[in-house]
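One structure is given here, and the rest of the page talks about it.
The values are calculated or read from the model by the stated rules, or taken from the named source; none is laboratory data. Since we're looking at a predicted model, the values are computed, not measured. No Cβ is skipped: glycine too gets one built from the backbone with ideal geometry, and neighbour counts run over all protein chains shown.
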Protein chains: 2
Amino acid sequence: MSYAPPLDDLAFLLHRVFEVARSGIPGYAELDPDTTAAILSEAGRLATERLAPVSRAGDLEGCRFENGVVRVPEGFKAAYDAVRAGGWTALDLDPDYGGQGMPTLMNSITGEMFVAANMALDMYWGLTHGAYNAIHAHGTAEQKATYLPKFASGEWTGTMNLTEPQCGTDLGLLRTRAEPRGDGTYSVSGQKIFISSGEHDLAENIIHLVLARIPGGPPGVKGLSLLIVPKFLPTPEGTLGARNGVSCGAIERKMGIHGNPTCVMNYDGATGFLIGEPHRGLRAMFTMMNEARLAVAAQGLAQGAAALAQASAYARDRRQGRALPAPAEPGAPADPLIVHPDIRRALMDMRAFVEGGRALMIWDAMFLDRARAGDAEAEGLAALLTPVLKGFLTDRGFAATVEAQQVFGGHGYIEDWPMSQLVRDARITMIYEGTNGIQALDLVGRKLAQDGGAPMRAFLAIVKDFLREAEAGTDAEFKATFLDPLAAAIGDLEAAVLTFLRVGMTNPNAALAGSTDFLHLLGLVCLGLMWARMARAADGDTAFDRAKRLTARHYMTRLLPETALRRARIEADPEPLLTLPAEAF
Amino acid sequence: MSYAPPLDDLAFLLHRVFEVARSGIPGYAELDPDTTAAILSEAGRLATERLAPVSRAGDLEGCRFENGVVRVPEGFKAAYDAVRAGGWTALDLDPDYGGQGMPTLMNSITGEMFVAANMALDMYWGLTHGAYNAIHAHGTAEQKATYLPKFASGEWTGTMNLTEPQCGTDLGLLRTRAEPRGDGTYSVSGQKIFISSGEHDLAENIIHLVLARIPGGPPGVKGLSLLIVPKFLPTPEGTLGARNGVSCGAIERKMGIHGNPTCVMNYDGATGFLIGEPHRGLRAMFTMMNEARLAVAAQGLAQGAAALAQASAYARDRRQGRALPAPAEPGAPADPLIVHPDIRRALMDMRAFVEGGRALMIWDAMFLDRARAGDAEAEGLAALLTPVLKGFLTDRGFAATVEAQQVFGGHGYIEDWPMSQLVRDARITMIYEGTNGIQALDLVGRKLAQDGGAPMRAFLAIVKDFLREAEAGTDAEFKATFLDPLAAAIGDLEAAVLTFLRVGMTNPNAALAGSTDFLHLLGLVCLGLMWARMARAADGDTAFDRAKRLTARHYMTRLLPETALRRARIEADPEPLLTLPAEAF
């Protein structure tokens, strides 16, 4: 697969829209244009030259399972080693434990490129990054010293073990047991499924973070503990000791991400080390899960971005039909696809999503970095936005891959082109780390009411402050084109919030019936804010700035008005969907 | 895969909503409830017992290509023979040529069941049906006698050969040549790609209908001729003669429909027989293509229906989480998924689409049967609706498979369940027989203005007549619940038509920028009419009727309002999408 990193777009966002170096966020002062350009062009080169070229092989060949061993696809090891050699696995990690100490922002941006170029390969170190942060936040000094430098260097990789056959979303049903041995260690037994990177030959050791029950704890989710279960037990000298009692029983045959094994993991009295306190495992796991949800949001966006780039190139190159009212290239046998209005409509829809989503990821990363520095309001906003980014960017990212595939006609359906893979890979992002239905439940059932609704109020205030300030600094045309649509969308959002406040107390099910619509409504408003900010920043007379303003107009006139439909659904009587008897389905 | 035919729903539609036996359509008088029940239950049994059980094997095993021969998946031959033995390949064909002379309607209805149970297998005789009708409409008496009875019995199968590597949508680019030999036959040479069922071992002979150029014809699409190119040349005695110069060069590796081979076909001086007149081939091919487009619409609907049935069963069975405000089944470890509002919302969305789409297929088949009997207005309406059914039912059918897959969580992504297959198979329906973008172009660029706009006016009159008549025969609550939303949607449709009338003359590109939105707008109105009619017919106090009315309400309050968004997009300034320079994409 070919890949071209969006370096110009990233520079525009970092320095003209968000003005990161002047944002006052700790660590951002160093992010001047030269520095970010150097980092991003290097990451882009790695994505283009090392990751993208092995992506198709990863899909077509997939992982092989032989006698408990998983072999990654041809070329993955060399590409992974190049990533490690460049230090990309440690970019924003703690310098005390092997990290480079960059802001989260830089990891997020480089992540989009790596995922767009090769999602299945990125997953190996993406999950490791989450395991690092979980142990960093909740582990002992000894655990940190043992595992974190190895994670940072990519010598060892990490996994996240929640799901069991009877227990997906509902972690209360979890059965895996961790029996104390009396020596401070635990004996872990049970079966976990859907474990990404659970077994492979990329790294010399694999460290599993496993949710399990220690006997005597309360039932349900309150009785879960988190344990470190290494494939090879580390020795005090930091070398590999005995093989632990954990093994891969099978890998799943699945729709996509063939280059990353989805493993059945069997724990048979494996030695485990508790992270944090007994029965408090969910809290530690959530550190990892929140990060994973944002990583999945980035996957949705990145797959959409990769698909758009493919479709744009194809539409410029492939000739079918003629422009109206006259041929664009009369000397050629046919005009390029790009002359057809419906092809342009599709590409502009994707573009408005991808560029808006990219801005949103950066905006969110800035909240994360503020939160990391102790800003409580930023932490609340990041918590509010996490399910929105996960649900919205993956639903729309998947839709973008489908739309891009459509541009290819029949060629999009055969595996000679990368479009089928992009669709099949993107499909998982709507499912894992909590289905998008669960994200909507988290948003409406938890985040909206969190801290008495403070994060939602803070969000509304940010948009309204922007509208006020932008109106003062721009002309009437800018207001009519970019600010009025956003103001209308904010009206829909506030109305929806009021509806939930009204019905939520007496009939929570009525509110939850509109939860997916609310997630999309909030996502649309977020992109509306991003596009208004981008339109304002793109005030030059360059081709880049003109394209930005045209795309912003496209978003405002054709995509943002969907907020009214989402609001109408939220305000609709949910009785039909709540009252149909189960047996009638 | 398991399958349960929608027999109750079909009986409701045929006899209570559309009252087919009293419709006055030629051949419908015999379609009394007993007769249709006998036919449909038999077709349903075949779908359930013979087709569905081999569907997964068809996907997982796929077709094998060995030395020019294609082997269909295990079990396909026996299932196909059962279809043939039951006479299902000949249901609505001409009794003079091996058919059973039933209305198109019955073939459409049984088709949904066969496709839902096993789409890849149904395609073998689905395309044969189209080849039958093309030769029936345009062939000589001798051609009819030679090919039609063999097609009707399923002894031979047919294909449709349009696409070439450089020529997909734009048939003007077609290069395959047919040189007259002077003996009434032609020598056909060229390469065709994406030929479904192009080579296989289900039938003893395969008859290719091939678009080609006879030298001396005009360039572009006006110079195309249609030829019959049999794999084995039939002898005058009706047996198989010499092997013809046509061969399968490869089969495509593709996203889905693995049970049906997508072939590269090489014609090397193959003997061909002209259908109809030279250079008039496109007309004959369109007979086949229009039928194929409706068959594809049915595929989209059927895959959505199959996916909904799977998701409903899973949601009733799988236990995760708890109902609010109190557990539904306190004694069980968790409640079934069906208690969760967002799961119900998803299932109701799918249900409203599937049941509405099924009604629309029947309504359309009734126009086709009227047209077959010489009704010009019905022919115009069918022509108007063909791109709508193809585009709308496949876009939404695919979306339904994705939504259904979502209900399964991670289990929907692995190939142990049929959900990935349903999504992957449904995906092709948006692409082949003219991408859905091409359907939108056909609708707005051609069908809307056909006969001075008569079909569109006839459609609007049908909906308005219904509204008037229904308002007179029902109460205020029925009007507010079911008729007012439809009236609002018709307002959006009329406004969109006016916009196209206004801008279409001066700026056709501006109209085409809204073509996909218009296709969906018209599709939404069609389903609105279907649901209003179903709500009126479902006037009893049975569980079935209550469920119908609840689903109708769900459609009216949550899905039909999308017409306003579609209208807004059509009315939006298309300048941003029309003016972005090609090189900026």
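Report yes if A:V115 is out of contact with any His (no Cβ under 8 Å at 6 or more places or on another chain) and closer than 19 Å to A:A295 by Cβ, otherwise no. Write out each step before concluding.
Working: out of contact with any His (no Cβ under 8 Å at 6 or more places or on another chain): yes; closer than 19 Å to A:A295 by Cβ: yes.
Yes, satisfied.
Report, by residue number, each residue of region B:553-585 that is more than 8 Å from every other protein chain (Cβ to nearest Cβ) and part of a helix (DSSP H, G or I). Outline the logic, then answer.
Taking region B:553-585 and keeping what is more than 8 Å from every other protein chain (Cβ to nearest Cβ), we get B:555-556, B:559-560, B:563, B:566-567, B:570-571.
Listed by number, the residues that qualify are B:Y555, B:M556, B:L559, B:T563, B:R566, B:R567, B:I570, B:E571.
Could you please find all residues in region A:320-342 being assigned to a helix (DSSP H, G or I) and either farther than 19 Å from A:G409 by Cβ or within 7 Å of chain B (Cβ to nearest Cβ) (or both)?
As a first pass, look at region A:320-342 and keep what is assigned to a helix (DSSP H, G or I): A:337-339, A:341-342.
A:I338, A:P341, A:D342 - these are the residues of region A:320-342 that are assigned to a helix (DSSP H, G or I) and either farther than 19 Å from A:G409 by Cβ or within 7 Å of chain B (Cβ to nearest Cβ) (or both).
Per-residue answers, yes or no, for (1) touching a Gly at 6+ places or on another chain (Cβ under 9 Å); (2) in a helix (DSSP H, G or I); (3) not hydrophobic (A, V, I, L, M, F, W, C):
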| site | (1), (2), (3) |
| --- | --- |
| B:G453 | no, yes, yes |
| B:A461 | no, yes, no |
| B:D465 | no, yes, yes |
| B:R468 | no, yes, yes |
| B:A495 | no, yes, no |
| B:T499 | yes, yes, yes |
| B:W531 | yes, yes, no |
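State the number of residues belonging to region B:502-523 that are part of a helix (DSSP H, G or I) and surrounded by fewer than 24 Cβ atoms within 10 Å (Cβ to Cβ).
Going residue by residue through region B:502-523, those that are part of a helix (DSSP H, G or I) are B:502-504, B:508-513, B:515-523.
Filter once more, keeping what is surrounded by fewer than 24 Cβ atoms within 10 Å (Cβ to Cβ): B:502-504, B:508-510, B:520.
Final tally of qualifying residues: 7.
What are the residues in region B:408-447 that are among the acidic types (D, E) and within 7 Å of chain A (Cβ to nearest Cβ), if any? Show your work before the answer.
Of all residues in region B:408-447, those among the acidic types (D, E) come to B:415-416, B:425, B:433, B:442.
Once the filter is applied, which keeps residues that are among the acidic types (D, E) and within 7 Å of chain A (Cβ to nearest Cβ), region B:408-447 yields only B:E415.
What about B:L467, is it farther than 30 Å from A:E164 by Cα and within 13 Å of chain A (Cβ to nearest Cβ)?
Values: farther than 30 Å from A:E164 by Cα: yes; within 13 Å of chain A (Cβ to nearest Cβ): no.
The answer is no for B:L467.
Looking at the structure I just gave you, is B:D395 free of Cβ contacts under 8 Å to residues at least 12 places away in the same chain and outside the structural domain of B:R558 (by TED's automatic domain parsing)? Steps first, answer last, please.
Values: free of Cβ contacts under 8 Å to residues at least 12 places away in the same chain: no; outside the structural domain of B:R558 (by TED's automatic domain parsing): yes.
Answer is no for this residue.
When you scan region A:78-103, how many residues do you find that are within 19 Å of A:A37 (Cβ to Cβ) and either surrounded by 18 or more Cβ atoms within 10 Å (Cβ to Cβ) or free of Cβ contacts under 8 Å to residues at least 24 places away in the same chain (or both)? Spell out the reasoning first.
Filtering region A:78-103 for residues within 19 Å of A:A37 (Cβ to Cβ) gives A:86-88, A:91-92, A:100, A:102-103.
This time we only want the ones that are either surrounded by 18 or more Cβ atoms within 10 Å (Cβ to Cβ) or free of Cβ contacts under 8 Å to residues at least 24 places away in the same chain (or both), so: A:87-88, A:91-92, A:100, A:102-103.
Count: 7.
Being touching a Ser or Thr at 6+ places or on another chain (Cβ under 7 Å) and loosely packed, with under 14 Cβ neighbours inside 10 Å is the requirement here; does B:G68 meet it? Talk me through it step by step, then tell me what you get.
On the way: touching a Ser or Thr at 6+ places or on another chain (Cβ under 7 Å): yes; loosely packed, with under 14 Cβ neighbours inside 10 Å: yes.
The answer is yes for B:G68.
Being touching a residue at least 24 places away in the same chain (Cβ under 8 Å) and either within 23 Å of the chain's Cα centre (by Cα) or within 27 Å of B:S420 (Cα to Cα) (or both) narrows it down to one residue among B:V221, B:V210, B:V229, B:V246; which is it? It would help to see each step written out before you state the result.
Working: B:V221 fails: either within 23 Å of the chain's Cα centre (by Cα) or within 27 Å of B:S420 (Cα to Cα) (or both); B:V229 fails: either within 23 Å of the chain's Cα centre (by Cα) or within 27 Å of B:S420 (Cα to Cα) (or both); B:V246 fails: either within 23 Å of the chain's Cα centre (by Cα) or within 27 Å of B:S420 (Cα to Cα) (or both).
The unique qualifying residue is B:V210.
In the list A:A365, A:A352, which residue meets the criterion of being crowded, with 22+ Cβ neighbours inside 10 Å, within 14 Å of chain B (Cβ to nearest Cβ), of a type in the set (G, A, S) and in contact (Cβ under 8 Å) with a residue 24 or more places away in the chain?
Numbers: A:A365 fails: within 14 Å of chain B (Cβ to nearest Cβ).
Going through A:A365, A:A352 in turn, just one is crowded, with 22+ Cβ neighbours inside 10 Å, within 14 Å of chain B (Cβ to nearest Cβ), of a type in the set (G, A, S) and in contact (Cβ under 8 Å) with a residue 24 or more places away in the chain: A:A352.
Name the strands (runs of 3 or more DSSP E) wholly within region A:146-199 that hold at least 2 residues that are surrounded by fewer than 18 Cβ atoms within 10 Å (Cβ to Cβ) and of a type outside the set (V, I, T)?
On the way: elements: A:156-161, A:177-180, A:186-196.
Answer list for region A:146-199: A:177-180, A:186-196.
I'd like to check something: does region A:382-396 contain any residue that is part of a helix (DSSP H, G or I), of a type in the set (A, V, I, L, M, F, W, C), within 28 Å of A:R56 (Cβ to Cβ) and within 14 Å of another protein chain (Cβ to nearest Cβ)?
So far as region A:382-396 goes, no, none of its residues is part of a helix (DSSP H, G or I), of a type in the set (A, V, I, L, M, F, W, C), within 28 Å of A:R56 (Cβ to Cβ) and within 14 Å of another protein chain (Cβ to nearest Cβ).
Please count how many residues of region B:10-26 are within 11 Å of B:M366 (Cβ to Cβ) and of a type in the set (G, A, S).
Number of matching residues: 2.
Any residue that is within 21 Å of A:R566 (Cβ to Cβ) and either of a type outside the set (F, W, Y) or surrounded by fewer than 21 Cβ atoms within 10 Å (Cβ to Cβ) (or both) - is there at least one of those in region B:528-545?
Looking through region B:528-545, at least one residue is within 21 Å of A:R566 (Cβ to Cβ) and either of a type outside the set (F, W, Y) or surrounded by fewer than 21 Cβ atoms within 10 Å (Cβ to Cβ) (or both).
Collect the residues in region A:24-40 that are in contact (Cβ under 8 Å) with a residue 40 or more places away in the chain and in contact with a Leu (Cβ under 9 Å, 6 or more places away or on another chain), keeping them in residue-number order. Don't jump to the end; show me each part of the working.
The first filter runs over region A:24-40 and keeps only residues in contact (Cβ under 8 Å) with a residue 40 or more places away in the chain, leaving A:25-28, A:31, A:36, A:39-40.
Scanning region A:24-40 gives A:I25, A:G27, A:Y28, A:L31, A:T36, A:I39, A:L40.
Mind counting the residues in region A:18-39 that are crowded, with 21+ Cβ neighbours inside 10 Å and part of a helix (DSSP H, G or I)?
Going through region A:18-39 one residue at a time, the tally reaches 2.
Go through (1) within 24 Å of B:P73 (Cα to Cα); (2) free of Cβ contacts under 8 Å to residues at least 24 places away in the same chain; (3) among the basic types (K, R) and name the single condition B:K192 misses.
Just one mismatch for B:K192, condition (2).
Which ones in region A:252-309 are part of a loop (DSSP other than H, G, I, E, B) and within 13 Å of chain B (Cβ to nearest Cβ)? Working first, answer last.
In the first step, residues of region A:252-309 are kept if they are part of a loop (DSSP other than H, G, I, E, B); the result is A:252-253, A:255-261, A:276-280.
Correct list: A:E252, A:R253, A:M255, A:G256, A:I257, A:H258, A:N260, A:P261.
Every residue in region B:536-552 that is in a loop (DSSP other than H, G, I, E, B) and among the polar types (S, T, N, Q), please. Walk me through how you get there before you give the answer.
First, the residues of region B:536-552 that are in a loop (DSSP other than H, G, I, E, B): B:538-542.
Selection gives B:T542 alone.
Which condition does A:T579 not pass, out of (1) over 26 Å from A:V354 (Cα atoms); (2) under 26 Å from the mean Cα position of the chain (by Cα), if it passes all the others?
(2)
Among the numbered criteria (1) under 24 Å from A:R84 (Cβ atoms); (2) outside any strand (DSSP E or B); (3) in contact (Cβ under 8 Å) with a residue 40 or more places away in the chain, which one does A:E237 miss?
Among (1) under 24 Å from A:R84 (Cβ atoms); (2) outside any strand (DSSP E or B); (3) in contact (Cβ under 8 Å) with a residue 40 or more places away in the chain, the lone unmet condition for A:E237 is (3).
Can you pull out the residues in region B:307-331 that are surrounded by 14 or more Cβ atoms within 10 Å (Cβ to Cβ) and over 30 Å from B:M113 (Cα atoms)?
Listed by number, the residues that qualify are B:Q320, B:G321, B:R322, B:A323, B:L324, B:P327, B:A328.
What number of residues in region B:514-552 are small (G, A, S), under 22 Å from the mean Cα position of the chain (by Cα) and more than 10 Å from every other protein chain (Cβ to nearest Cβ)? Lay out the reasoning, then the answer.
Going residue by residue through region B:514-552, those that are small (G, A, S) are B:514-515, B:523, B:528, B:532, B:535, B:537-538, B:540, B:543, B:547, B:552.
Cutting the leftovers down to under 22 Å from the mean Cα position of the chain (by Cα) gives us B:515, B:523, B:528.
Subsequent filtering for residues that are more than 10 Å from every other protein chain (Cβ to nearest Cβ) retains B:523, B:528.
Residues flagged as small (G, A, S), under 22 Å from the mean Cα position of the chain (by Cα) and more than 10 Å from every other protein chain (Cβ to nearest Cβ) within region B:514-552 amount to 2.
Is it true that some residue in region A:39-46 is over 28 Å from A:K390 (Cβ atoms), modelled with pLDDT of 95 or more, assigned by TED's automatic domain parsing to the domain that holds A:G27 and of a type in the set (D, E, K, R)? Steps first, answer last, please.
Initially, region A:39-46 is screened for residues over 28 Å from A:K390 (Cβ atoms), giving A:41-42, A:45.
Of the ones still in play, those that are also modelled with pLDDT of 95 or more are A:41-42, A:45.
Okay, now just the ones that are also assigned by TED's automatic domain parsing to the domain that holds A:G27, so A:41-42, A:45.
Narrowing the set further to residues that are of a type in the set (D, E, K, R) leaves A:42, A:45.
Checked region A:39-46: at least one residue is over 28 Å from A:K390 (Cβ atoms), modelled with pLDDT of 95 or more, assigned by TED's automatic domain parsing to the domain that holds A:G27 and of a type in the set (D, E, K, R).
Look at B:A458 and say whether it is in contact (Cβ under 8 Å) with a residue 60 or more places away in the chain and more than 14 Å from chain A (Cβ to nearest Cβ). Explain how you work it out, then say what you get.
Working: in contact (Cβ under 8 Å) with a residue 60 or more places away in the chain: yes; more than 14 Å from chain A (Cβ to nearest Cβ): yes.
The answer is yes for B:A458.
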